[in-house]
Structures are given as C-alpha cells and as structure tokens.
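Once you've had a glance at the structure underneath, I'll fire off some questions.
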Amino acid sequence: MLVIRRNDGRGLCFPGGLAHPWETDEQALVREVEEETGLRAQSVEFAVRYDSDGEIPVRIAVFYVKAEGKPRGSWEGTPDWVELEEAHAGILRSQKYAVERLQQGG
C-alpha cells in the first residue's frame, strides 16, 4: 500500500487530508493524492468510512485507488510502498483501524 513517510517524525500515514467544504470525499482524495505523491488517480473505489477519536477527532474515508505517474515527495513527507505489516506497525493511531480492516480483507 502507498503511505507517506512523514517529515515530522510521526511515522507513516495515508496520503490525504481535509476536504474543502465544496468537495466530495472523492474529489478531496484525488486532489490530496496528487499534492502529496505526484500521482494522478485514475479510478477510485470506496473502502470504508469511520470516526477516529485520536489526537484530533475526525471522520476518515478510505478508498482503493489506481493511479499513474511518478511518485514524488512533498513538504509532508515521502511516498513509499509498504506491506500491510509495516503499515500497521508505523501508521498514525487515527489510521490504524483502516489498516486493520485491510488486513481482514475488507
């Protein structure tokens, strides 16, 4: 899976961010993936949505994405492909539920 190795030392996170008030979850995903990784989303499929009560309470939407392009970093960090086990060990607490769902096959 594609994660961001964060520049702030907090570990791994999925590409993504806050949606603008006028954006759908899908539109925000496409924009954020390109901003943070340089990749352009070609197809987007909803996976799961959940609320996280981590450091900052948020509602998180997770998608399966097929993308094209050459990965590049951003001010937030460097994109990297990792196995599920590495993602689970290093992912932000607020995103751990998504990795666990993926490990369970859903």
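The stretch 19-106: which chymotrypsin sites (Phe, Trp or Tyr not before Pro) are DSSP loop and have at most 10 other beta-carbon atoms within 10 angstrom?
On the way: sites: TRP22, PHE46, TYR50, PHE63, TYR64, TRP75, TRP81, TYR97; in loops: TRP22, TRP75.
The qualifying sites are TRP22, TRP75.
In debye to the nearest 20, how big a dipole does the stretch 2-103 give about its Cα centre with +1 on each Lys and Arg Cβ and -1 on each Asp and Glu Cβ? Write out the running numbers ahead of the final one.
Values: 13 positive and 19 negative charges, 19 e Å.
Magnitude of the dipole: close to 100 debye.
In units of 2.2 N^0.38 Å, what is the alpha-carbon radius of gyration of the chain? Provide the component values of the computation, followed by the final result.
On the way: Rg = 12.9 Å, N = 106, 2.2 N^0.38 = 12.9 Å.
So the Cα radius of gyration is 1.00 times the expected 2.2 N^0.38 Å.
Give me the distance in nm between label points sitting 7 Å out from Cα along the Cα-to-Cβ direction at ARG93 and ASN7, one decimal.
Taking the simple label geometry, ARG93 and ASN7 are separated by 2.5 nm.
Using label points projected 7 Å from each Cα along Cα→Cβ, tell me how many nm separate LEU18 and SER74, to one decimal.
1.4
Under 5 Å between amide hydrogens, which residues at least 5 positions from ILE91 or on another chain qualify, with H placed 1.01 Å from N in the peptide plane?
LEU12
Per-residue HN-Hα couplings for the stretch 41-49, Karplus 6.51 cos²θ - 1.76 cosθ + 1.60 at θ = phi - 60°, whole Hz, x for Gly and Pro?
Ordered by residue, 3J(HN,Hα) equals 5, 9, 8, 9, 10, 4, 10, 7, 10 Hz.
Every number in this text was worked out from the coordinates using simple rules, so none of it is lab data. Fair warning: this is a prediction, and the values are worked out from it, not measured in the lab. Here the Cβ is made from the backbone with ideal geometry for all residues, glycine too, and neighbour counts use every protein chain on show.
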